[in-house]
Each structure stands twice: as C-alpha cells, then as structure tokens.
Amino acid sequence: MSAALHNGALLAGRYRIHGQLGEGGMGAVYLARHEQLNRDVALKVLLPRLAKQREARARFQREAQVSSKLRHPHAVEIYDFGEDQGHLYIAMARLKGQTLQQILKAYGGALPLMRVFSLGAQLADVLTAAHRLPLIHRDIKPENIFIERGADGGDHVVMVDFGLAFIAGADELDRMTRAGEVFGSPPYMAPEQAQGLEVSPASDVYSLGCLLYELSCGAPPFEGAALRVITQHVFSAPTPPSERAPGLGIPKVFEQLILRMIRKAPESRPGAADVLRALKELSEGGQVNREVQQALAGRAARMVAVPTQPQITQVLPKAPAQAQTPDTALGVIGDINDDLHRQLRMNHVVVEAGDAPALILTLGAPDEVISALISAGKVVIAAADADMEQIAALLRLGVAEVVSTPLSVEDLMRKIRRAQRKARRQRDEA
C-alpha cells in the first residue's frame with residue numbers, strides 16, 4: 001500500500017511536494033510545484049487506505065473526468081490525472097483564499113445582501129454551464145465553495161470537489177450512482193436526493209437555494225440531527241427568510257426566489273439560468289435598496305395561531321390481520337411518559353385531532369406491515385437518526401413522517417401535527 005507523501009517527494013517525475021493543505025473523506029490535498037512549468041498546483045491524492053479499493057479508485061477517477069469536462073471561470077481547473085508509485089492523483093489549480101464555510105464562521109451570521117447576490121450569481125453562472133453538459137454536482141455546500149480575491153478586489157467564486165458529481169445519461173459514469181443510494185450533505189440536500197431517487201439539475205438548484213437562505217439568514221432552512229433535517233426537506237415547508245431573520249431587511253423579491261428554489265417538486269423550481277438572471281437584476285437594479293428600506297422601516301410581528309394539541313384518542317386493541325406486529329418489534333423509544341409508552345407498546349396507535357385525517361403511529365415494523373398500515377391511513381414511524389439508507393427506504397415506501405429515537409412527547413406531537421397538516425392539505429386538494 002502506498003504511504004502518505006512527505007515534503008520534497010517527487011510525484012510522476014514533475015510534482016514536487018511542498019506540504020499538505022488539507023484532507024477530506026477520500027483524498028489529501030498537497031501544495032506541489034510542477035518543476036517543468038515552474039508553477040504551483042494543488043495535488044489531490046487518494047488516501048493510502050483507499051488506494052486498493054476498486055470502487056474508491058473508480059470514484060476518484062470519475063471526479064477527475066467530470067471536473068475536466070467543465071471549463072468555466074468559477075469551476076476549479078483540472079490540469080492532470082494519473083497514478084505514480086501507487087498514488088492516484090488529480091493536479092488542479094492552486095486556489096488562494098478561503099472557503100465559504102470559513103467566511104461564514106468568521107462572520108458568525110448572515111453576509112451583507114449585496115455580497116450574497118454576487119456570490120449567488122457566480123454560483124448560478126457555473127451551474128448554468130454545468131447543467132448544459134448535463135453535469136450535476138450533488139454536493140453544493142460552503143466547504144465546496146472557494147472564495148478568492150478577484151482582479152477588481154471583489155469576491156471570485158470557485159466551485160470545487162466534484163467527487164459526487166455525475167454526467168446524466170453517460171452510462172459509464174452513471175453506473176457509479178445506483179438508485180436507492182443517498183449522497184450529499186443533509187442541510188443542503190434536495191428532497192429527491194434525501195429519498196435516494198433520481199437527481200437532476202433541479203437538485204443542484206435546491207441546494208443552491210438552501211445555501212442562499214443560509215447566507216442571507218445566518219443558518220440553513222433546516223437544522224438539527226441528520227434524520228430530522230432530511231425528513232424536513234421532504235415534508236416541511238421552510239420558514240420564510242424574512243421571518244427567520246426579521247431584522248435583516250431581506251427583500252421580498254429575493255425571498256420569493258429562494259422559496260421557489262427550495263420547492264419540494266423538482267419541476268416547480270427555476271433553472272440555474274433563471275436564478276442567474278434574477279440575481280443579476282437584484283444586484284444591478286435599484287429595486288433592492290427600496291425594498292430594504294421598506295423592510296427596515298416598518299416590520300410588525302405576526303401573530304401565529306397555535307394549532308390544537310393532538311390527542312391519542314384510540315388505541316387499536318388489535319391491528320388488522322395482515323398488519324400484526326409482535327410487541328417486541330415496537331421497542332422502547334425512551335424519554336416519554338409512562339402512559340403513552342404503555343399505549344405504544346400495546347399496538348399501533350390511531351391519532352386523531354378535529355377534522356384532521358387519522359394517523360397511525362408505529363415503531364419498528366417490517367416493510368409488509370408498514371405497507372398494510374399505509375393502505376389504511378397516514379403512517380408515522382420511528383427510525384435511527386444515523387441510518388440514512390433506512391430513512392430513504394421508509395420515505396420511498398410512503399410513510400407520512402419519520403421520527404428519530406429517543407424522542408420527547410413534545411417532539412412526537414410536533415411531528416404528528418406536521419403530518420396531519422400535510423394530510424389535511426392533500427385531502428382538501430383531492
């Protein structure tokens with residue numbers, strides 16, 4: 001197995017190592033100098049522990065292939081790819097600056113609006129070019145966005161790390177992305193991505209929308225443990241940015257753009273080119289300043305009616321014959337009052353609240369049992385927070401909500417209310 005590279009090592013007869021810049025899940029990045037061309041490069045080298053794994057090597061090679069197809073001022077430039085002395089490497093442009101993650105951390109909150117428009121426009125620009133290939137990044141997040149100082153002294157955005165990207169329709173590359181697998185970063189993951197379904201350029205637009213939300217509000221639309229964030233992407237409407245950060249004067253036209261970008265249905269989102277046009281209009285027109293002044297001049301707090309607390313009104317003495325579940329399969333959810341816990345352990349629970357459609361609450365049942373319950377009503381089911389594949393499988397199966405264990409009564413009731421609201425909307429629209 002190949003060893004880590006040390007300072008002074010020469011790779012492929014031309015790249016002299018001058019230190020390590022960082023390390024990710026698949027590769028270490030070194031500062032190197034191309035001795036023949038006399039220029040610095042960033043050398044990404046597959047980690048030694050992965051160097052003999054066929055799938056890891058294939059993914060690393062795919063990153064080089066898809067990245068090299070996109071030639072754009074806001075995409076990292078790939079110079080070379082190869083293998084030497086057991087080291088699989090990608091040579092790319094040496095970037096000087098900070099990641100967007102570092103910038104956000106330094107600010108400790110939202111960025112100035114005009115800067116957000118500029119960063120967003122540059123990202124939409126490179127996505128517009130990528131989607132024409134059609135290349136889908138699938139992992140847009142602050143860590144994968146590098147900010148250099150441009151010739152005019154402003155921000156110059158460079159998108160990096162195409163390790164999860166693929167070119168739609170390219171059989172050889174597409175084979176690396178099997179249906180049912182879940183890739184990406186939960187805070188920026190499109191609903192279809194969270195469910196392990198087919199991704200498209202609209203998935204990148206959703207991720208960019210989440211990022212713009214964070215840049216303008218100081219936090220992404222959904223926060224918390226992975227399971228909670230993923231299920232919120234699938235089921236929950238985000239709080240509008242102006243309500244999430246009421247004192248920042250977020251223009252309504254910008255808020256509407258973000259909310260369109262993070263719609264649940266991929267076909268209802270704008271394309272990257274549409275986002276680019278909208279952000280250019282915001283940054284170049286006078287409309288923004290007027291809206292900001294209006295937003296700062298008079299903002300009244302909204303009174304939000306508190307929904308009726310759902311009650312567990314009926315416990316099924318027996319589940320339907322085709323949906324019998326052993327008592328032991330229900331398990332223990334912890335941190336819940338004894339009365340509710342006893343009811344849950346008895347069997348599946350029907351939850352009712354006013355005119356909302358009834359929900360069936362169950363904990364840990366086989367797929368065939370869950371399917372039978374889904375045919376009888378909306379199902380809320382528990383799952384381990386860290387098991388993203390299980391969560392995706394449950395969402396594909398058709399459950400109405402997934403709750404993480406252990407959970408409190410308050411968390412449980414909040415999940416039930418959300419599932420009931422969704423069920424009521426679906427019923428009214430039918």
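Below are the figures for this structure:
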item: Condition check for Val41: touching a His at 6+ places or on another chain (Cβ under 7 Å) and either modelled with pLDDT under 95 or not assigned by TED's automatic domain parsing to the domain that holds Arg132 (or both); result: yes
item: Residue count for the stretch 63-77, restricted to those that are closer than 12 Å to Met159 by Cβ and either in contact with a Gly (Cβ under 7 Å, 6 or more places away or on another chain) or not hydrophobic (A, V, I, L, M, F, W, C) (or both); result: 5
item: Residue selected from the stretch 248-268 under the condition in contact (Cβ under 8 Å) with a residue 60 or more places away in the chain and under 15 Å from Val234 (Cβ atoms), by the criterion surrounded by the most Cβ atoms within 10 Å (Cβ to Cβ); result: Pro266
item: Checklist (1) under 19 Å from Ile140 (Cα atoms); (2) in contact with a strand residue (DSSP E or B) (Cβ under 8 Å, 6 or more places away or on another chain) applied to Tyr79, failing item; result: (1)
item: Members of the stretch 253-287 that are among the β-branched types (Val, Ile, Thr), under 14 Å from His131 (Cβ atoms) and part of a loop (DSSP other than H, G, I, E, B); result: none
item: Residue ranges of strands (runs of 3 or more DSSP E) in the stretch 59-160 with at least 3 members within 23 Å of the chain's Cα centre (by Cα) and buried (at least 16 other Cβ atoms within 10 Å of the Cβ); result: 145-149, 155-159
item: Residue list for the stretch 210-243, restricted to those being assigned to a helix (DSSP H, G or I) and more than 24 Å from Ile145 (Cα to Cα); result: Leu227, Arg228, Thr231, Gln232, Val234, Phe235, Ser242, Glu243
item: Filter result (at pLDDT 85 or above and outside any strand (DSSP E or B)) within the stretch 11-29; result: Ala12, Gly13, Arg14
item: Answer from Ala179, Ala272, Ala245 - the residue that is over 16 Å from the mean Cα position of the chain (by Cα) and at pLDDT below 90; result: Ala179
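The values are calculated or read from the model by the stated rules, or taken from the named source; none is laboratory data. Remember, predicted model here, so these are calculated numbers, not experimental data. As a convention, Cβ positions derive from the backbone with ideal geometry for all residues, glycine included, and neighbour counts pool all protein chains shown.
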